[in-house]
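Undergrad: Submitted below is the structure of interest, expressed as structure tokens.
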Amino acid sequence: MRHSARPPRVVIDTNLVLSALVFAQGRLKPLRHAWQTRRILPLASRDTAAELIRVLAYPKFRLTPEDQQELLADYLPFCTTVKIPDSPPETPVCRDDFDMPFLRLALAGEANALMTGDQDLLSLVDVFSCPIVTAEQFMKTWLPEQ
């Protein structure tokens, strides 16, 4: 699946980014390590970054503002920011409007994959031009040596 020596451009949905950051020793540790060592290139847009910032502030995570800043600093600087054009790329209809920024980002950023655990996004696997994969599929295919 890898076609060049360049790191794959990847859209990672908010829940997976959150899991990798909040549960640093959890199942997504290889993913976090991959962006820290620049073996993958996460893509972010204004909307996806804003959602991550919003979700980190949820009371259930019990993160202080300092904790939130520290976690953001462990992700956002590793991301390539993609400006979504004023007339965004056409995407398939998705059941959840909150998923649209990720679909647009994958297209506008020419992503190699959109990584998610979200069933609304995974249901589009056959109609979306960018591969939509689970974290496990991605790590097995793109990070096999970890």
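Undergrad: About the Cα centre of region 1-68, what is the dipole size in debye to 20, counting +1 per Lys and Arg Cβ and -1 per Asp and Glu Cβ, all else neutral?
TA: 360
Undergrad: Which loop-located trypsin sites (Lys or Arg not before Pro) does region 8-42 contain, where loop means any DSSP state but H, G, I, E or B and the Cβ has at most 14 other Cβ atoms within 10 Å?
TA: Qualifying residues, ordered by number: Arg27, Arg38.
Undergrad: How would you rank Phe23, Phe78, going from fewest to most other Cβ atoms within 10 Å of each one's own Cβ?
TA: Ordered from fewest to most neighbouring Cβ atoms within 10 Å, Phe23, Phe78 come out as Phe23, Phe78.
Undergrad: Please arrange Lys60, Lys140 by counting, for each residue, the other beta carbons lying within 10 Å of its beta carbon, fewest first.
TA: With the sparsest Cβ surroundings first, the list reads Lys60, Lys140.
Undergrad: Turning to a different aspect of this structure: Whole-Å semi-axes of the chain's equivalent ellipsoid, largest first, each the root of 5 times a Cα gyration tensor eigenvalue?
TA: 22, 19, 14
Undergrad: Still on this structure: With charges only on Cβ, +1 for K and R and -1 for D and E, what is the dipole size of region 63-127 about its Cα centre, in debye, rounded to 20?
TA: Charge dipole of region 63-127: 240 debye, to the nearest 20.
Undergrad: Moving on to the next point. For the chain, what is the mean residue ellipticity at 222 nm derived from helices alone (per DSSP H run of n ≥ 4: -39500 (n - 2.57); sum divided by total residues; nearest 500 deg cm²/dmol)?
TA: -11000 deg cm²/dmol
Undergrad: Of Leu124, Leu28, how do they rank once you tally other Cβ atoms within 10 Å and put the fewest first?
TA: In order of increasing Cβ crowding within 10 Å: Leu124, Leu28.
Undergrad: Just how large is the dipole of the chain about the Cα centre, in debye to the nearest 20, putting +1 at every Lys and Arg Cβ and -1 at every Asp and Glu Cβ?
TA: For this selection, approximately 540 debye.
Undergrad: For region 71-146, what size does the Cα cloud have along each of its three principal axes, sorted from largest down, in whole Å?
TA: 38, 29, 20
Laboratory data are not the source of any read-out in this text; all were calculated from the coordinates shown. Remember, predicted model here, so these are calculated numbers, not experimental data. Cβ sites come from the backbone with ideal geometry, for glycine too, and all protein chains shown count toward neighbours.
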